[in-house]
Structures are given as structure tokens and as C-alpha cells.
1. Take region 110-127 and flag every residue that is aromatic (Phe, Trp, Tyr) and buried (at least 22 other Cβ atoms within 10 Å of the Cβ).
2. Which of (1) under 16 Å from the mean Cα position of the chain (by Cα); (2) under 23 Å from GLN229 (Cα atoms); (3) surrounded by fewer than 19 Cβ atoms within 10 Å (Cβ to Cβ) is the odd one out, the single condition VAL163 does not satisfy?
3. Restricting attention to region 203-241, which residues are open to solvent by 30 Å² or more (accessible area, probe 1.4 Å), within 12 Å of the ligand (Cβ to nearest atom) and in contact with a strand residue (DSSP E or B) (Cβ under 6 Å, 6 or more places away or on another chain)?
4. Among the residues that make up region 76-84, is at least one of them open to solvent by less than 30 Å² (accessible area, probe 1.4 Å) and not polar (S, T, N, Q)?
5. If you go through region 197-254, how many residues are over 19 Å from the mean Cα position of the chain (by Cα), within 17 Å of SER148 (Cβ to Cβ) and of a type outside the set (Ser, Thr, Tyr)?
6. Looking for whichever is of a type outside the set (Asp, Glu), on the phi < 0 side of the Ramachandran plot and over 18 Å from the mean Cα position of the chain (by Cα) here; the options are ARG38, ARG51. Which one fits?
7. Condition check: near the ligand (Cβ under 8 Å from one of its atoms), within 19 Å of the chain's Cα centre (by Cα) and either open to solvent by 30 Å² or more (accessible area, probe 1.4 Å) or modelled with pLDDT of 95 or more (or both). Does THR43 satisfy that?
Amino acid sequence: MKELNAKSAIITGASRGIGAATAREFAELGVNVLLVARTLSETEAIAAEIRNHGGKAEAIACDVSSYSDVAAAIERCKSAFGSVDILVNNAGLIEPIARLGDSDPEEWAHVVDVNYKGVYYGLRAAIPVMAAQGAGVIVNISSGAATSALEGWSHYCSTKAAVLLLTQCVHKEYADLGIRIVGLSPGTVATQMQIAIKASGINPVSQLDPSIHIQPHNVARAIAWLCTQEAAGHDGTDFSLGTDEGRRRAGLAD
Ligand code: NAP
């Protein structure tokens, strides 16, 4: 992972869960990190913790469903650290979980704005900067839900499926310009999102024993590995941590 030292990364959804763990993992590897989420108090506290350990970190309030917020975050990374080498499109929502006939149209559409349009906004703002640099890596956090239908998750499954197609399209368009893009399907992860899923009681994922969930710091290590050249063979795909083989390839012991 030495090749990541002194690179600059933006991580969306960095106030907790997978995004917060990724910010800490990247900082350990010497990556300068810009933490992005709506809750600035949370991201600023993590950035301060990283700075106290000698790392370089900043935080910015950003709602990924707003293109101007996302474009401002990309600009901030460039002005603070000099480049945008890595973008982790991680911010995501699953709530409210409901069968379609019970769903609230505005809330359903809001999940589209965050999970799908938010990823497009990140790509749209970062790609011209990365193309000018001649290099960059984008990791889109996907899900097994991108390819599996689950009751109560029509908003979540369909937005994750759309993001998988975005990953594939952008890989075709920009691989030749040195921009790497890859999806990560992390399996079930011990975060706030799984607590909400369990509380819903709606589909088989809500019945899983929490002890089987992967820990966020392991997902973070896999994200860092995907940013290295060793993982470049997976570009344009969703790499899955849901199998023993995937975890072994990503260098995870458990
Ligand atoms: P989480 O603990 O609920 O964290 C979600 C993060 O997204 C928070 O930092 C939240 O921060 C941020 N966020 C939500 N709406 C946002 C918005 N409009 N603008 C900016 N940030 C926003 O969830 P997680 O489990 O870490 O999930 C991270 C990603 O992994 C998601 O894309 C999720 O779909 C994916 N994933 C998770 C699992 C799992 O089992 N946990 C499995 C597969 C995939 P604020 O509320 O402060 O904005």
C-alpha cells in the first residue's frame, strides 16, 4: 500500500460506518483525506483525531444530493492538498425500508438523489480533474443488492443496480485516460445501516445474526487495496467481499 502515501482522497459518507473507517485507514497509509458528510461535527471530530496523529485531514459539510455541494468538495480537496487522486463514493441511504405500495414518493426519490445521483455528481465533478492529472481512482460502494432483488428495498436495489452500470460505463469511457473506476460490494457490514435493516424485520437480511457482519475497518482495508495497482484487474466491475476468495484477494484475514 506504500504507493498510496501522499495521495489525496475524498470520502463521502465519512461521518460514521464504512466511510469513517476508510478515512482512518487512508490516513494510516499516509493519504491526505477530505471527509464529506452532512454532519460536519462528526467529520470534523474524525479529521481532528487524524491530525492529532500526524495525518492531514479536513472536513466539509456536503449533501451529495446537491451537485454544487459535491463540486465544492472536489475543489476543496484540490485547493487543500493539490490534487484529487482518489474518490470514494460511499454515502448511501437505505431508510425508509418499505414495500413499494407503502413507500412515500418523496422519500423514495430522495434515496435516488443520494444513492444514484450523488454518485453521478461525484463522478461528474472529479473526472475532469483526474483527466487533467492523467490519473485517478474512483471506488463506488456497491452492494449485493445491485444484482439481487429484496422485499422492502426497491429504492436501494434499483439505485445500487444503476450505480453498477455507471461504474461499467465510466470504465469504458475513461480507462484510456488513466482513470480507474471500480465498485466494491462489501457484504453485510456492522454499521448503523444494518441496525436499521434489522429493526425493519422485512426481508431475509433483517434476520441475519449480527455476528456474521464484516467489520468496517476490514472494508476500509479492501477499499485501500482496490486503490492500488495490484487491484487494477478488477476495474469496471463490482469486486465482492461476500466470498472467501474475495476477502483473501483483498488481503483480509477473516
Ligand atoms: P451508515 O453507517 O448509515 O453511514 C452512511 C453515511 O452516509 C453517513 O456518513 C452519512 O452521513 C452519509 N450520508 C447519508 N446521506 C448523505 C447525503 N445526502 N450527503 C452526504 N452524506 C450522506 O452506512 P454504511 O453501512 O457505512 O454505508 C456506507 C455505504 O456502504 C453505503 O453506500 C451503503 O449502501 C453501502 N453498503 C453497506 C452495507 C452494510 O451492510 N452496512 C452493505 C453493502 C453496502 P450524514 O448522515 O452525516 O450525512
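The values are calculated or read from the model by the stated rules, or taken from the named source; none is laboratory data. Worth saying up front: this structure is predicted, and the values here are computed from it rather than measured. All Cβ positions, even for glycine, are placed from backbone atoms using ideal geometry, and neighbour counts span all protein chains on display. These accessible areas exclude ligands, DNA and RNA; they are computed on the full protein's heavy atoms, side chains included. Shrake-Rupley method; radii C 1.70, N 1.55, O 1.52, S 1.80 Å.
1. So the first thing to find is which residues in region 110-127 are aromatic (Phe, Trp, Tyr), and the list is 116, 120-121.
Selection gives TYR121 alone.
2. For VAL163, the exception is condition (3).
3. Across region 203-241, the qualifying residues are ASP238, SER240.
4. The initial filter retains those residues of region 76-84 that are open to solvent by less than 30 Å² (accessible area, probe 1.4 Å), namely 77, 83-84.
After this cut, where a residue has to be not polar (S, T, N, Q) as well, the list is 77, 84.
Checked region 76-84: at least one residue is open to solvent by less than 30 Å² (accessible area, probe 1.4 Å) and not polar (S, T, N, Q).
5. 7
6. Answer to the check: ARG51.
7. Values: near the ligand (Cβ under 8 Å from one of its atoms): yes; within 19 Å of the chain's Cα centre (by Cα): yes; either open to solvent by 30 Å² or more (accessible area, probe 1.4 Å) or modelled with pLDDT of 95 or more (or both): yes.
When the stated conditions are applied, THR43 passes them.
Listed here are the residues, each with its yes/no results for (1) surrounded by fewer than 16 Cβ atoms within 10 Å (Cβ to Cβ); (2) in contact (Cβ under 8 Å) with a residue 24 or more places away in the chain; (3) within 27 Å of HIS234 (Cβ to Cβ).
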| residue | (1), (2), (3) |
| --- | --- |
| VAL129 | no, yes, yes |
| ALA146 | no, yes, yes |
| ALA149 | yes, no, yes |
| VAL182 | no, yes, yes |
| SER200 | no, yes, no |
